[in-house]
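Chemist: My questions will all concern the structure given below.
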């Protein structure tokens with residue numbers, strides 16, 4: 001489903017990103033990491049990043065029980081900064097990535113890391129998008 005959404009997504013004609021029906025295991029991974037990563041943001045992130053994450057958490061009512069959809073985050077960024085998000089199904093080349101940034105489009109994944117890579121995933125995933133960007 002995630003690959004199909006990213007392959008067919010058209011930012012111009014239908015800018016709303018379709019929702020993902022995350023599995024119970026994926027929601028559990030979000031639940032497990034949310035408090036841990038929120039605390040790490042508060043303790044270790046530079047102050048502007050920690051403050052901005054706190055604003056995002058409040059604006060989207062994020063919690064360990066409430067996993068947002070990419071469209072919610074995209075809408076927030078469109079309204080507050082003029083940037084938008086575009087769903088992608090995997091890694092991009094540097095040229096593809098930089099070209100999208102030039103047009104204020106941030107390519108973002110919707111998939112959730114596997115539980116075997118709970119605290120480190122070598123590829124970006126939705127948790128990385130929310131907490132890392």
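Chemist: Taking the stretch 101-117 on its own, how many of its residues are more than 16 Å from the chain's Cα centre (by Cα) and in a helix (DSSP H, G or I)?
Modeler: 4
Chemist: Going by the conditions given, is residue 2 touching a residue at least 40 places away in the same chain (Cβ under 8 Å) and either loosely packed, with under 12 Cβ neighbours inside 10 Å or in contact with a strand residue (DSSP E or B) (Cβ under 6 Å, 6 or more places away or on another chain) (or both)? Steps first, answer last, please.
Modeler: Numbers: touching a residue at least 40 places away in the same chain (Cβ under 8 Å): yes; either loosely packed, with under 12 Cβ neighbours inside 10 Å or in contact with a strand residue (DSSP E or B) (Cβ under 6 Å, 6 or more places away or on another chain) (or both): no.
No, not satisfied.
Chemist: Another question, if that's okay. Restricting to the stretch 112-127, count the residues that are more than 20 Å from residue 75 (Cβ to Cβ) and either touching a strand residue (DSSP E or B) at 6+ places or on another chain (Cβ under 6 Å) or surrounded by 12 or more Cβ atoms within 10 Å (Cβ to Cβ) (or both). Let's see the steps before the verdict.
Modeler: Of the residues in the stretch 112-127, the ones more than 20 Å from residue 75 (Cβ to Cβ) are 112-125.
Pick out the ones that are also either touching a strand residue (DSSP E or B) at 6+ places or on another chain (Cβ under 6 Å) or surrounded by 12 or more Cβ atoms within 10 Å (Cβ to Cβ) (or both) and you get 112-114, 117-118, 121, 124-125.
Looking only at that region, the number is 8.
Conditions tested, residue by residue: (1) within 24 Å of residue 91 (Cβ to Cβ); (2) in a helix (DSSP H, G or I); (3) out of contact with any strand residue (DSSP E or B) (no Cβ under 6 Å at 6 or more places or on another chain).
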residue	(1), (2), (3)
18	yes, no, yes
33	yes, yes, yes
43	no, yes, yes
50	no, yes, yes
58	no, yes, yes
67	yes, no, yes
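Chemist: Here is a list of conditions, (1) out of contact with any strand residue (DSSP E or B) (no Cβ under 7 Å at 6 or more places or on another chain); (2) surrounded by fewer than 16 Cβ atoms within 10 Å (Cβ to Cβ), and residue 97 meets all of them except one; can you say which number that is?
Modeler: (1)
Chemist: State the number of residues belonging to the stretch 5-16 that are in a helix (DSSP H, G or I) and without any contact (Cβ under 8 Å) to a residue 24 or more places away in the chain. Outline the logic, then answer.
Modeler: If we filter the stretch 5-16 for residues that are in a helix (DSSP H, G or I), which is where we start, we get 5-8.
Add one more test, that the residue is without any contact (Cβ under 8 Å) to a residue 24 or more places away in the chain, and what stays is 8.
Looking only at that region, the number is 1.
Chemist: In addition: Starting from residues that are more than 16 Å from the chain's Cα centre (by Cα) and at pLDDT 90 or above, keep the ones in the stretch 12-33 and report whichever is surrounded by the fewest Cβ atoms within 10 Å (Cβ to Cβ).
Modeler: Only one residue fits best here, namely 24.
Chemist: Tell me yes or no: at least one residue of the stretch 75-93 is under 12 Å from the mean Cα position of the chain (by Cα), in a loop (DSSP other than H, G, I, E, B) and either free of Cβ contacts under 8 Å to residues at least 40 places away in the same chain or within 19 Å of residue 2 (Cβ to Cβ) (or both).
Modeler: Within the stretch 75-93 (the criterion being under 12 Å from the mean Cα position of the chain (by Cα), in a loop (DSSP other than H, G, I, E, B) and either free of Cβ contacts under 8 Å to residues at least 40 places away in the same chain or within 19 Å of residue 2 (Cβ to Cβ) (or both)), the answer is no, since none of the residues qualifies.
Chemist: With the structure loaded, tell me whether residue 84 is at pLDDT below 95 and surrounded by 14 or more Cβ atoms within 10 Å (Cβ to Cβ) or whether it fails that test.
Modeler: Working: at pLDDT below 95: yes; surrounded by 14 or more Cβ atoms within 10 Å (Cβ to Cβ): yes.
For residue 84, the condition - at pLDDT below 95 and surrounded by 14 or more Cβ atoms within 10 Å (Cβ to Cβ) - is met.
The values are calculated or read from the model by the stated rules, or taken from the named source; none is laboratory data. All values reported here derive from a predicted model rather than from experimental measurement. Every residue, glycine among them, receives a Cβ derived from its backbone with ideal geometry; neighbour counts consider all protein chains shown.
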